[in-house]
Amino acid sequence: MLNSKVYNVLKVIATTVLPGLGALYFALAEIWTLPKAPEVVGTIAAINVFLGLLVNVSSVQYNRSDKKYGGVINAIDREDGTKVFTLEVDEVGLYDLETRESVLFKIRSTK
């Protein structure tokens, strides 16, 4: 649903920026008698819940898909009782494989 850059930005906003902003406004409104503290904080909270929903839906869709995998490891049982493993790297992942810190592979077995 969301590309990784948008997802990461929205996640930071939803987990850090908006809660911090709401807490800051609430505290300053009490100290300085700023107007409409409940309305402002409630609005920030409502926006934050909606962003959290977008981030969560995107995360669920991503985890249900094969997009998280860099390829497949095939486990093949031979007739002689030995096992052979082959690696299939996705074409997209192939070009940035050496720049990644880690890669997740799906296991496909003949069992």
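Counting 0.36 nm for each residue step from Asp77 to Arg100 and taking away their Cα separation leaves a gain of 5.2 nm. For a straight C-alpha distance cut-off of 20 angstrom, the lysines reachable from Lys106 (same-chain residues fewer than eight places away being disregarded) are Lys67, Lys68, Lys83. Using the Cβ-Cβ distance between Met1 and Lys111 with R0 = 35 Å, the FRET efficiency computed as 1/(1 + (r/R0)^6) comes to roughly 0.55. Skipping prolines and chain starts, which residues have an amide H placed within reach, meaning under 5 Å, of the one on Gly71, given they are 5 or more residues away or on another chain? So Gly71 has HN proximity to Asp90, Lys106. The alpha carbons of the chain occupy a box of 81, 28, 20 Å along the principal axes, longest dimension given first.
Estimated from the Cβ-Cβ distance and a Förster radius of 22 angstrom, the FRET efficiency linking Ile47 and Asn8 is about 0.75.
We did not get these values from a lab; they are worked out from the coordinates using the rules stated. The structure presented is a predicted model; accordingly, all values stated were derived computationally and were not measured. Don't worry about glycine lacking a Cβ; one is built from the backbone with ideal geometry, like all the others, and counts go over all protein chains shown.
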